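Report on the structure given below.
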């Protein structure tokens, strides 16, 4: 009853990795065939793209740009998670405030990302603060909505239990409230990260002089497709690594009590 | 441990559930007044939906929307065993029990023995969702007892268990209660359970519940573990009906 049976899950995972590899190989093959047929400098084959990637990596350009982008992602992600959670929890706790601010939330949810970016640059200048703010403002409403949902679903039963056994504020937060909100935080973090990646690139293309977005913008002006694809690929790899090495282990740890 | 000194006095004049939609206001409790002597085991029984849980929640301080007064004669330690175990699913059995004590509390040292006594030795490091409901209820019981509470409130803590499991938990409760004096308020609709456990039974009437009967149950601890004696006493108190 208490033993966790691991074998079938591992066999399943191995199979999944195999399938992923096969499917990726198929994608590369189709790409190669398409490039061979097209014979165009606007559709380079996989090998040409990898060569550009290696060249950029050796020159150090690739790393410095990815590092710049990652830093912006990290800052705006943390800011948005923090402020969005605070707003979401406050609205979930307080129905009156929720009724009042719901319309504001809908307004910001539907405000196009591009509008926020342009306005931030106009109001705060072409600065790092404006860039990070623009990304964070885009994501905050999403986080707030998810966390509001989580707060509404907090168990009254467990809250009463904590009250009877005199847990106090800190203990209740740590052992009762936060674990209940964890799945919602995780959902907000995952969908949020996906959103932040994309918006950071746009912000960089518009008003920054480094980062993957900036590099893509230059490549676009030169119609340098191998460069565009090289950065895109490198970026996908980095995002996947972060997902696999950071997010998934955290989730697995947070979920180990589940049946 | 220190002798029990707090006497509880309950005086609930009126408790209503407000009107919702087409349903009009409902008066659940009316003029319920009683005192509970230190060390007694008071069972509150009555028809289901008759306001027993509401009364217990008022006494526990969870429901403050009523007319009347609850006086514990100070600020005693109170534990509450709810109708569902209400364990934290993300904490192990041991952690759930330890969490009701402050860090560094000397009572933390008693947890392993208590866990063994309630039969959860093998499950101490398990998460609640991985053990049976009966085991979860044992954990909830241990969580209440580790506190060495002066008052123990219990709301049908053994419902939806099969009879042998429920009976073994009742025996465990009698044993724990006789070793560690505690004033208990126990809500149930099960008459045999009421007689087996209570030193006094308060029967609430249906409708706007008030106290219909207040009966002492003069059984020794040994008698309570004897089913025949419990049945005989049950017939004496409630008749054959």
Exclusive hit being under 14 Å from residue A:161 (Cα atoms), more than 12 Å from chain A (Cβ to nearest Cβ) and not in a strand (DSSP E or B), set B:141, B:56 | B:141
Do we find that residue A:68 is surrounded by fewer than 20 Cβ atoms within 10 Å (Cβ to Cβ), out of contact with any strand residue (DSSP E or B) (no Cβ under 9 Å at 6 or more places or on another chain) and either assigned to a helix (DSSP H, G or I) or on the phi < 0 side of the Ramachandran plot (or both) in this structure?
-> no
Taking only segment A:163-187 into account, find how many residues are modelled with pLDDT under 90 and either more than 14 Å from every other protein chain (Cβ to nearest Cβ) or in contact with a strand residue (DSSP E or B) (Cβ under 8 Å, 6 or more places away or on another chain) (or both).
-> 1
Residue under evaluation residue A:25, criteria (1) at pLDDT below 90; (2) part of a helix (DSSP H, G or I), criterion not met = (1)
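Residue by residue, here is whether (1) closer than 30 Å to residue B:99 by Cα; (2) under 15 Å from the mean Cα position of the chain (by Cα); (3) within 13 Å of another protein chain (Cβ to nearest Cβ); (4) not in a loop (DSSP other than H, G, I, E, B) holds:
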position	(1), (2), (3), (4)
B:16	no, no, no, yes
B:29	no, no, no, yes
B:49	no, no, no, no
B:64	yes, no, yes, no
Looking at (1) in contact with a helix residue (DSSP H, G or I) (Cβ under 6 Å, 6 or more places away or on another chain); (2) at pLDDT 90 or above; (3) surrounded by fewer than 19 Cβ atoms within 10 Å (Cβ to Cβ), which is the only condition residue A:214 fails?
-> (3)
When segment B:154-195 is examined, which residues are found to be touching a strand residue (DSSP E or B) at 6+ places or on another chain (Cβ under 7 Å) and closer than 21 Å to residue B:6 by Cβ?
-> B:154, B:155, B:177, B:182, B:183, B:184, B:185, B:186, B:187
Has segment B:78-86 got at least one residue that is farther than 30 Å from residue A:256 by Cα and either in contact with a strand residue (DSSP E or B) (Cβ under 7 Å, 6 or more places away or on another chain) or away from every other protein chain (no Cβ under 12 Å) (or both)?
-> yes
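Every residue, every condition in (1) within 14 Å of chain A (Cβ to nearest Cβ); (2) in contact with a helix residue (DSSP H, G or I) (Cβ under 8 Å, 6 or more places away or on another chain), yes or no:
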| residue | (1), (2) |
| --- | --- |
| B:100 | yes, yes |
| B:105 | yes, no |
| B:115 | no, yes |
| B:120 | yes, yes |
| B:132 | yes, no |
| B:136 | yes, yes |
| B:149 | yes, no |
| B:153 | yes, yes |
| B:158 | no, yes |
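The values are calculated or read from the model by the stated rules, or taken from the named source; none is laboratory data. None of the values given here were measured: they were computed from a predicted structure. Cβ: placed from backbone, ideal geometry, glycine included. Neighbour counts: every protein chain shown.
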